[in-house]
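Read through the structure below, which is laid out as structure tokens, and then see the notes.
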Amino acid sequence: QVQLAESGGGLVQAGGSLRLSCAASERTFSSHAVGWFRQAPEKDREFVASINWSGGITYYADSVKGRFTISRNNAKNTVYLQMNSLKPEDTAVYFCASTPYGLGSDQYKYKYWGQGTQVTVSS
């Protein structure tokens, strides 16, 4: 069982930056694809970005492309989401998730989930 823990959320002004971290409890995490998802109040959870096990393949939602960067450090069992040029519409709870199979934007393919971290962007 892989346990995931997000950190790095907070309150930031529009145009600012935050870096989220997703730390895993098991070394097998280094062989997993990892995705970041977010859920704003009264909205469905949506895909943000994903990365394959080696870091060589990444995908982004159109809404964050060019502003967010997903990366990983397998030696530290951690995946990051660097968020720049933040907008009020980026306000949401951000979740990381991992899967030993596949890669992409379909949240139902991800097996392990963290509890989420709140990101609030003020205008």
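When Ser122 is tested against the conditions (1) open to solvent by 50 Å² or more (accessible area, probe 1.4 Å); (2) in contact with a helix residue (DSSP H, G or I) (Cβ under 8 Å, 6 or more places away or on another chain); (3) not acidic (Asp, Glu), the lone failure is (1).
The number of residues in segment 65-90 being assigned to a loop (DSSP other than H, G, I, E, B), under 18 Å from Gly8 (Cα atoms) and free of Cβ contacts under 8 Å to residues at least 60 places away in the same chain comes to 2. Considering Leu81, Leu86, the condition of being within 24 Å of Tyr108 (Cβ to Cβ) and within 16 Å of the chain's Cα centre (by Cα) is satisfied by Leu81 alone. Close Cβ contacts (under 9 Å, 6 or more residues apart or on different chains) running from residues in segment 1-17 that are exposed (fewer than 13 other Cβ atoms within 10 Å of the Cβ) to residues that are part of a loop (DSSP other than H, G, I, E, B) and among the hydroxyl-bearing types (Ser, Thr, Tyr) comprise Gln1/Ser25; Gln13/Ser123; Gly15/Ser85; Ser17/Ser85.
The values are calculated or read from the model by the stated rules, or taken from the named source; none is laboratory data. From a predicted model like this one, the values you see are computed outputs, not experimental measurements. Here the Cβ is made from the backbone with ideal geometry for all residues, glycine too, and neighbour counts use every protein chain on show. Keep in mind that these areas ignore ligands, DNA and RNA; they rest on the heavy atoms of the full protein, side chains included. Shrake-Rupley method; radii C 1.70, N 1.55, O 1.52, S 1.80 Å.
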